[in-house]
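Below is one structure, written out as structure tokens, with a few remarks after it.
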Amino acid sequence: MTRGDRWIIILALVLAGVGLVMVYSSSSFLAFVRKGDESYFFRQQALRTLIGIGALWACARALSLRALEAAAPWILGCASALLVAVIAVGHMSNGATRWLRVGFMSIQPTDVARLAAVVFLAWWLKRRPVAAHGFVRGLLPPLCFLGIVAALILKQPNLSSAALLLLTGFVMLFLSGAPVRYLAAPVAAGAGAFVLALAAHPYMMRRVLTFTDFVLGRLDVRDAGFQLNQSLIAIGSGGLTGRGLGAGMQKLLFLPEAHTDFIFSIIAEELGLIGTTALLVVIGLFLWRGMRVAARCSEPFAGLVAGGLTVQIGFYALANLAVATGLAPTTGLPLPFVSYGGSALLVNLAAAGILYRISALNGESEALTRQRWARGSA
């Protein structure tokens, strides 16, 4: 085994470090008001970061990809059981049941399920590639499994995570060499399911309508559009260099969820265009190194896992940034590695460890890239 791509580890740790600093900055006032301790959320995040670094180290140094591949169906089964459990006995917050209490900690099974789905889909596509087995035998079975997992996530309800899970699956199918014409029907079906989910959940439809009002210039800043308006105020007031670390105003109970879903807005306010550009560069570099790992894989399972994990993190980052800047309806998705949270941070750091582990097994040629386009042109 050759030395892995250390930039994967370095960039992930840099993002987690930025998250620690900004979680403290964005949550200290809220923590003082709610808990009487301005360091409450910071200490929680610090503990979770340490646990996540342990998971990163374990995946980077001790994980057996062969064992991971063999356990893929069982991992998905356990993740699905957790999703069922959270529906039955989960903890409700803000109208959604997404958390399971385990001792003094809470876990979000959706994060476990999105990692498990990537591993399972890679396992399936290695054994039954769509290009060789056709639409019915090669494509429909994994889509059914993904659909079941997405439905369990939607039941919480969590439309955005379910949609990103399906999008990640479609990209993995494309990377595996599935003909593009095979993907048209599943994409259309997914879009139809998205519309039905909106119709069945009025609060989701309200978010879409709020976004539509913003686009049309008629946002009600005193009601449904309050959070987005406060986010844009924070971003706009940062200017080129920002107000200064810790000197932001919107975190003083003006912007809800400032340390979770809208932490990017606080970064923009306090560090300005320069700080946010630097953050985006680091995220972009991480995604590039991740896709580089995937492109150089000659082993199908490892390549698809690397591609799936990287694309998934990229989708979450893109969705969070789009929400904070008013380019998409509010979704409640965290900024990977940076936002306050436990399960998401742990899974993302574990994913970085898996990417490093895979990179240590790679050669120098871009094997997966050649295979994908060779199949596509066949």
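Whole-Hz ³J(HN,Hα) for each residue in the stretch 228-239, computed from phi via Karplus 6.51 cos²θ - 1.76 cosθ + 1.60 with θ = phi - 60°, x for glycine and proline: what do you get?
Result, rounded to whole Hz: 4, 4, 5, 5, 5, 4, 4, 5, x, 7, x, x.
About the Cα centre, and with charges only on the beta carbon of Lys, Arg (+1) and Asp, Glu (-1), how big is the dipole of the chain? Nearest 20 debye, please.
Around 900 debye, computed over the chain.
Largest first, how would Asp220, Asp5 line up by accessible area (1.4 Å probe)?
Heavy-atom accessible area, descending, gives Asp220, Asp5.
Could you work out the local net charge near Thr110, counting Lys and Arg as +1, Asp and Glu as -1, over the other residues with Cβ closer than 12 Å to its Cβ?
After counting each charged neighbour, the total is +2.
Let me know the Rg and Dmax you get for the stretch 36-98 when you use only its Cα atoms, in Å.
Both quantities, over Cα of the stretch 36-98: 16.7, 49 Å.
Return the long-range amide H neighbours of Gly342 (sequence gap of 5 or more, or a different chain), with a cut-off of under 5 Å between placed amide H atoms.
HN-HN under 5 Å from Gly342: empty list.
Rounded to the nearest whole Å³, what is the per residue volume of the convex hull around the Cα atoms of the stretch 205-287?
Considering the Cα atoms of the stretch 205-287, their hull volume per residue is 114 Å³.
With Cβ to Cβ distances under 15 Å as the rule, what net charge do the other residues near Leu152 carry (K, R +1; D, E -1)?
Net charge in that neighbourhood comes out at +2.
Divide by every residue of the chain the summed helix terms, -39500 (n - 2.57) for each DSSP H run of at least 4, and state the resulting mean residue ellipticity at 222 nm, rounded to the nearest 500 deg cm²/dmol.
-24000 deg cm²/dmol
If you take the charge dipole of the chain about its Cα centre, with +1 on Lys and Arg Cβ and -1 on Asp and Glu Cβ, which of Ser237, Val23, Val281 is farthest toward its positive end?
Val281
May I ask you to rank Met291, Met172 by accessible area, largest first, using a 1.4 Å probe over the protein chains only?
Met291, Met172
Which whole-number percent is the relative contact order of the stretch 1-116 (Cα, under 8 Å, 6+ apart)?
Over the stretch 1-116, the number comes to 13 percent.
Sort 129-139, 19-29 for me by packing, meaning the mean count of neighbouring Cβ atoms within 10 Å per residue, highest on top.
Result, highest mean first: 19-29, 129-139.
Using only the C-alpha atoms of the stretch 126-266, find the volume of their convex hull and express it per residue in Å³.
With only Cα atoms used, the stretch 126-266 gives 169 Å³ per residue.
The values are calculated or read from the model by the stated rules, or taken from the named source; none is laboratory data. None of these values were measured; they are calculated from a predicted model. For neighbour counting, all protein chains shown are included, and Cβ atoms are generated from backbone atoms with ideal geometry for every residue, glycine included. The accessibility values were calculated without ligands, DNA or RNA, using every heavy atom of the protein model including side chains. Shrake-Rupley method; radii C 1.70, N 1.55, O 1.52, S 1.80 Å.
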